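> Take this structure, written in structure tokens, and hold onto it; I'll ask about it next.
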Amino acid sequence: MLEINNLHASVVDIENSEILNGINLKVGKGEVHAIMGPNGSGKSTLANVLMGRPDYLVTDGDVTLEGESILELRPDQRAHLGMFLAFQYPAEIPGVRPWQFLKAALDSKAESRGEDKMSVRNFSKLFDEKVEAVGINPNLVKRSLNEGFSGGEKKRNEMLQLEVLQPALAILDETDSGLDVDALRIVAEGVNSMRSPERSFIVVTHYQRLLNYITPDVVHILVKGKIVKTGGADLALEVEKDGYQEYLEAAGANA
Amino acid sequence: MTLATPAVAVEKFSGAYESLAAGSSDVPEWLKAVRQQGWATFSELGLPTKRRGNELWKYTNLQPLAAADFAYIVGGLVTVDQIKAAGPWDDAWNTIVVVDGKFSAELSNLHDTVGLDAGSLAEAISSGKGDIESQLASLAGREEYAFTALSTAFIEDGAYIAIADGTELEQPIQVVFVTSDDAESRASYPRMVVDAGANTSIVLIETYLNLSDSAQFSAPVGELFAGDQSTIRHYRVQIENESSFHLGTTRVRQLADSNFTSTSFAVGASIARNDVHTLLDAPGATCTLHGLYMTSGSQQQDQEISTTHAKPGCSSNQFYKGILSGKSHAVFSGKVVVMRDAQKSDATQKDLNLLLSRGAEIDAKPSLEIYADDVTVAHGATAGHVDKDTLFYLQSRGVDEETAKAILVRGFAEEMLNEFEPKALNDFVERITDERIPILLAESDTIGTA
């Protein structure tokens with residue numbers, strides 16, 4: 001599904017700002033990968049680079065989706081190929097209703113694939129179902145997108161978008177940050193209900209907490225822009241117990 | 001007042017004024033005196049210039065207006081279908097149509113409505129309706145402001161609306177000011193007088209449009225009298241063609257516990273000014289002045305908004321939003337004056353702008369003059385570009401860049417558009433906005449750079 005080879009990236013317009021220092025990663029169809037790491041390790045950058053955020057510049061390496069390089073594609077083109085990024089800090093957009101925006105997103109996707117746009121009636125039905133499934137307050141989605149939403153509501157709204165857009169590869173960028181246990185469970189339930197042999201996930205997180213609810217197939221430890229260890233679900237528990245100190249020291253010694 | 005420089009462009013208007021004065025034997029003496037006074041003031045002032053010390057016109061160059069010529073011909077040929085196609089319309093509304101400054105009984109759509117007297121201003125003048133003699137040109141005309149003075153010199157016709165005490169009207173009253181579909185460049189000075197009695201409630205829509213593509217000059221003046229405990233929900237739509245000059249004035253005098261709420265939609269004309277002043281002249285009066293302006297190309301769009309708190313316990317709110325592209329220019333000049341007696345006043349001012357191009361310019365100038373000590377005031381103005389993080393968010397969901405930009409611009413306008421409550425009016429301003437956004441975006445070069 002997704003293959004990352006020797007990926008290097010830095011911040012646009014800032015010299016010597018390399019954040020990713022040669023990442024190699026393969027995510028197979030239907031797999032859930034967790035990427036863990038201390039603050040500043042580059043895990044959020046990785047999530048954003050994969051989606052094509054213009055703030056970052058890829059300086060070396062490649063990323064392929066189903067064998068095709070995506071680095072030259074715009075974020076919307078990547079979305080059309082089935083990629084999705086759940087944001088750590090979803091943008092607040094005054095005057096734009098979630099309904100309207102998601103309809104535009106689906107329409108763009110349909111257009112790019114030469115398919116017919118979904119009718120307003122069918123979309124409304126789908127939207128209402130998903131609102132109920134995600135457990136988001138129906139009054140909230142009538143308001144401006146994310147404006148005045150609490151942290152938990154914003155994340156739930158990200159899950160709503162995930163449900164409506166049905167991506168093939170969903171990247172969750174610290175979706176658990178700022179959530180209480182109940183909200184965390186809702187996010188996890190959303191992800192678990194969408195797990196399928198056809199859909200892959202990359203779950204970026206600082207804490208092991210989220211992984212109590214979402215059991216990953218593979219766990220990677222990211223330190224200073226490199227994956228320093230890869231293991232099974234129990235690797236997350238090790239990190240929970242021992243922290244990142246030994247990895248940081250090892251990375252420091254290598255530097 | 002003595003001026004160091006000679007009055008500009010007075011001679012351009014003098015011929016028309018003289019023939020109007022010569023041919024008005026049937027006009028009441030008091031109106032002749034009002035016109036003379038208007039002309040005397042205008043001929044002393046001339047068209048405003050950017051000369052030093054002229055704070056009101058510092059950011060606005062009227063040279064193109066001074067250089068143009070306009071014929072003064074009242075009335076022209078227009079059909080109802082043309083008006084319906086060009087502006088908002090609902091058969092259920094009471095609609096007054098004023099063509100090239102002249103009331104048209106044929107085009108107006110007036111229902112028998114208890115408590116409402118709506119029709120021609122000329123007729124109200126000749127038959128001496130209500131307080132017309134004391135009201136006309138009392139709020140706008142005797143002050144030293146060139147365009148109200150010029151308009152006053154040319155008072156002939158327009159709209160007169162009187163609402164009897166205690167009348168509450170659900171259906172809006174619309175006044176359409178239209179210039180006719182011929183190649184001629186015309187000058188028009190339509191007036192509107194609205195006399196809302198005590199305990200009245202009305203919805204008033206003012207619509208300015210022209211049917212030709214040639215440059216028109218209009219200096220319309222509306223004077224509104226809000227009686228005790230009256231409620232006026234006012235809308236002003238200005239969609240004139242982009243060769244025209246629109247120098248509009250609205251003056252409102254509010255009595256005790258009256259409520260005046262106004263929302264402007266200003267997208268038209270080459271040079272446009274929406275000059276609004278509300279006088280809170282009795283305790284408990286409140287006014288809310290809102291508006292949306294959108295400019296592209298080389299348009300100039302001014303909002304000259306002021307409120308005077310003359311009596312205690314009044315509140316005012318000014319909130320405008322602008323979307324600018326191309327090499328266009330907008331001015332927000334908001335002023336609140338709180339007089340010495342106006343204790344317990346509450347005033348807010350806000351102007352938010354979305355700049356879509358490097359060539360666009362906004363001059364935002366909120367100001368407060370406070371002579372009382374017990375007041376609550378707040379003001380602010382911002383100008384920003386479309387946020388690149390927000391753009392990325394939308395794009396990451398699969399929305400292409402053009403659509404994402406359009407969604408964001410529309411989102412910025414949304415809260416003002418939502419204020420246009422009458423259905424046909426709301427549909428109209430939304431449609432015009434949706435038509436404008438691609439034009440604004442075609443001239444945009446700053447998105448994603450902020």
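> Less than 10 Å Cβ to Cβ from A:Val32, Lys/Arg counted +1 and Asp/Glu -1: what total charge do the surrounding residues give?
Values: positive: A:Arg195, A:Arg199; negative: A:Glu31, A:Asp217.
My count for the surroundings of A:Val32 gives 0.
> Give, as a single signed number, the net charge of other residues whose beta carbon lies under 15 Å from the beta carbon of A:Glu249, with Lys and Arg counted +1 and Asp and Glu -1. Let's see the in-between values first.
Numbers: positive: A:Lys224, A:Lys226, A:Lys229; negative: A:Asp242, A:Glu246.
Summing Lys/Arg as +1 and Asp/Glu as -1 gives +1.
> Sticking with this structure for a sec: Just for chain A, what percent of DSSP beta bridges are antiparallel, to the closest 5?
Values: 24 of 42 bridges.
Restricted to chain A, the bridges split so that about 55 percent are antiparallel.
> Hey, could you get me the Stokes-Einstein D for region B:170-303, Kirkwood radius over alpha-carbon pairs, 20 °C and 1.002 mPa s, rounded to whole µm² s⁻¹?
Details: Rh = 15.2 Å.
Translational D for this selection: 141 µm²/s.
> About the Cα centre of region B:48-120, how large is the charge dipole given +1 on each Lys and Arg Cβ and -1 on each Asp and Glu Cβ? Please answer in debye to the nearest 20.
Working: 6 positive and 9 negative charges, 158 e Å.
Here the size comes out at about 760 debye.
> Within chain A, what is the longest stretch that has no GluC sites (Glu not before Pro) placed in a DSSP loop and near at most 12 other beta-carbon atoms within 10 Å? Walk me through the numbers on the way to the answer.
Details: sites that count: A:Glu15, A:Glu72, A:Glu115, A:Glu198.
That gives A:116-197 as the longest site-free run.
> Report, in deg cm²/dmol and to the nearest 500, the calculated mean residue ellipticity at 222 nm for the protein assembly as shown, where each DSSP H run with n ≥ 4 adds -39500 (n - 2.57) and the sum is divided by the residue count.
On the way: 18 runs with 200 residues, N = 705.
Using -39500 (n - 2.57) per qualifying helix, the result is -8500 deg cm²/dmol.
> What are the residues whose amide H is under 5 Å from the amide H of B:His385, where those residues sit 5 or more places off or on another chain and H is modelled from the backbone?
Placed amide hydrogens put B:Leu355 under 5 Å from B:His385.
> Let me ask something else about it. May I ask which of B:Lys311/B:Lys335; B:Lys350/B:Lys388; B:Lys311/B:Lys423; B:Lys344/B:Lys365; B:Lys102/B:Lys129 have a Cα-Cα span longer than 26 Å here?
Table pairs above 26 Å Cα-Cα are B:Lys311/B:Lys423.
> Also: Please give the net charge around B:Val338, taking every other residue with its beta carbon less than 12 angstrom from that of B:Val338, where Lys and Arg add +1 and Asp and Glu add -1. Mind dumping the intermediate values first?
Working: positive: B:Lys311, B:Lys335, B:Arg340, B:Lys344; negative: B:Asp341, B:Asp346, B:Glu369, B:Asp373, B:Asp374.
Around B:Val338, the surrounding residues sum to -1.
> If the cut-off is a Cα-Cα distance under 25 Å, which lysines reach A:Lys26, setting aside same-chain residues fewer than 8 apart in sequence?
In chain and number order, the partners are A:Lys43, A:Lys224, A:Lys226, A:Lys229.
> Please compute, for the alpha-carbon atoms of chain B, the extent along each of the three principal axes and give them in descending order in Å.
Extents along the principal axes: 70, 53, 53 Å.
> Which three extents, in whole angstrom, do the alpha-carbon atoms of region B:323-450 cover along their principal axes, largest first?
57, 36, 27
> Suppose we keep just the DSSP beta bridges with both residues in the protein assembly as shown; what percent of those would be antiparallel, to 5?
Values: 34 of 184 bridges.
The antiparallel fraction comes to roughly 20 percent.
> With θ taken as phi - 60° and the coefficients 6.51, -1.76 and 1.60, list the Karplus ³J(HN,Hα) couplings across region B:352-357 in order, rounded to whole Hz; mark glycine and proline as x.
Values, residue by residue: 10, 10, 10, 9, 9, 9 Hz.
> Taking amide H positions as placed 1.01 Å from N in the peptide plane, with prolines and chain starts having none, which residues 5 or more places from B:Thr95, or on another chain, fall under 5 Å of its amide H?
B:Asn109, B:Leu110, B:His111, B:Gln174
> On to the next question. Express the Stokes-Einstein translational diffusion coefficient of region A:2-254 in µm² s⁻¹, to the nearest whole number, given a Kirkwood radius over alpha-carbon pairs, 25 °C and a viscosity of 0.890 mPa s.
Values: Rh = 18.9 Å.
Diffusion coefficient, whole number: 130 µm²/s.
> Among B:Arg253, B:Arg410, B:Arg431, which one shows the highest mean-square fluctuation when chain B is modelled as a Gaussian network with alpha-carbon springs under 10 Å?
B:Arg431
> Using the alpha-carbon atoms, what tilt in degrees (0 to 90, nearest 10) does helix B:29-45 show relative to the longest principal axis of chain B?
Once rounded, the angle reads 50 degrees.
> Right, something else. Test of understanding: in a Gaussian network model of chain B with alpha carbons linked when under 10 Å, which of B:Gln171, B:Gln300, B:Gln216 would top the mean-square fluctuation ranking?
Top of the fluctuation ranking is B:Gln171.
> Continuing with the same structure: Please turn the phi angles of region A:198-210 into ³J(HN,Hα) values with the Karplus equation 6.51 cos²θ - 1.76 cosθ + 1.60 (θ = phi - 60°), one per residue in order, whole Hz, x for glycine and proline.
These are the phi-based 3J(HN,Hα) values: 9, 10, 10, 10, 10, 10, 9, 8, 8, 10, 6, 2, 4 Hz.
> Something else about it: Of A:Leu235, B:Tyr145, A:Ile4, whose Cα points farthest to the positive end of the dipole of the protein assembly as shown (charges on the beta-carbon: +1 Lys, Arg; -1 Asp, Glu; origin at the Cα centre)?
The residue sitting farthest along the positive end of the dipole is A:Leu235.
> Report the FRET efficiency, 1/(1 + (r/R0)^6), for B:Ser19 and B:Ala378, where r is their Cβ-Cβ distance and R0 is 51 Å, rounded to 0.05. Walk me through the numbers on the way to the answer.
On the way: r = 51 Å, r/R0 = 1.00.
Between B:Ser19 and B:Ala378 the formula returns 0.50.
> Can you give the FRET efficiency to the nearest 0.05 for B:Val80 and B:Glu435, using r as the Cβ-Cβ distance and R₀ = 30 Å? Please report the intermediate quantities before stating the final value.
Working: r = 23 Å, r/R0 = 0.75.
Result of the calculation: an efficiency of 0.85.
> So which aspartates and glutamates can A:Lys154 reach, going by Cα to Cα under 18 Å and dropping same-chain residues fewer than 8 places off?
Candidates past the 8-residue exclusion: A:Glu92, A:Asp128, A:Glu132, A:Glu163, A:Asp173, A:Glu174, A:Asp176, A:Asp180, A:Asp182, A:Glu189, B:Asp389.
> Long-range amide H contacts for A:Leu85: which residues qualify at under 5 Å (H placed 1.01 Å from N, peptide plane, sequence gap of 5 or more or a different chain)?
Under 5 Å from the amide H of A:Leu85 lie the amide H atoms of A:Ile171, each far enough along the sequence or on another chain.
> Please check: in the Gaussian network model of chain A (C-alpha springs, under 10 Å), which one of A:Val120, A:Val204, A:Val218 has the largest mean-square fluctuation.
In the Gaussian network model the winner is A:Val120.
> I've got another one for you. What number does region B:103-247 give for Rg over Rh if you use C-alpha atoms and the Kirkwood radius?
Values: Rg = 15.3 Å, Rh = 15.8 Å.
Checking Rg against Rh, the ratio lands at 0.97.
> In units of 2.2 N^0.38 Å, what is the alpha-carbon radius of gyration of the protein assembly as shown?
Numbers: Rg = 31.1 Å, N = 705, 2.2 N^0.38 = 26.6 Å.
Ratio of Rg to 2.2 N^0.38 Å for the protein assembly as shown: 1.17.
> Go through A:Tyr56, A:Gly67, A:Ser41 and say which Cα lies farthest out towards the positive end of the charge dipole of region A:8-68; charges sit on Cβ, +1 for Lys and Arg, -1 for Asp and Glu.
Highest projection toward the positive end goes to A:Ser41.
> Given 10 °C and 1.306 mPa s, compute D for region A:24-155 with the Stokes-Einstein relation, Rh being the Kirkwood radius over Cα pairs; round to the nearest whole µm²/s. Please report the intermediate quantities before stating the final value.
Working: Rh = 17.2 Å.
The Stokes-Einstein estimate is 92 µm²/s.
> To continue, here is another question. Using unit Cβ charges (K, R positive; D, E negative) and no other charged atoms, how large, in debye to the nearest 20, is the dipole of region B:1-103 about its Cα centre?
I would put it at about 520 debye.
> About the Cα centre of the protein assembly as shown, how large is the charge dipole given +1 on each Lys and Arg Cβ and -1 on each Asp and Glu Cβ? Please answer in debye to the nearest 20. Walk me through the numbers on the way to the answer.
Values: 61 positive and 100 negative charges, 184 e Å.
That gives the protein assembly as shown a dipole magnitude of about 880 debye.
> Shifting gears a bit: Restricting the count to DSSP beta bridges whose residues both fall in chain B, what percent are antiparallel, rounded to a multiple of 5? Don't skip to the answer; put the middle values down first.
Numbers: 10 of 142 bridges.
For chain B, the DSSP antiparallel bridge percentage is about 5.
> Same structure, new question: Under the Kirkwood approximation applied to all pairs of distinct alpha-carbon atoms, what is the hydrodynamic radius of region B:214-282 in Å?
On the way: mean 1/r = 0.0775 Å⁻¹.
Kirkwood hydrodynamic radius for region B:214-282: 12.9 Å.
> Order these by the 10 Å Cβ neighbour count, fewest first: B:Trp30, B:Trp57, B:Trp39.
Values: B:Trp30 15, B:Trp57 18, B:Trp39 22.
Exposure proxy ranking, most exposed first: B:Trp30, B:Trp57, B:Trp39.
> Kindly express, to the nearest 10 degrees and within the range 0 to 90, the angle between helix B:423-442's C-alpha long axis and the longest C-alpha principal axis of chain B.
50
> Output the Kirkwood hydrodynamic radius of region B:1-149, Cα pairs only, in Å rounded to one decimal.
Details: mean 1/r = 0.0548 Å⁻¹.
By the Kirkwood definition, the hydrodynamic radius is 18.2 Å.
Bear in mind that the values in this text are calculations on the coordinates, not laboratory data. This structure is a prediction, so every number in the text was calculated from the model and none was measured. We place every Cβ from the backbone using ideal geometry, glycine too, and count neighbours over all the protein chains shown.
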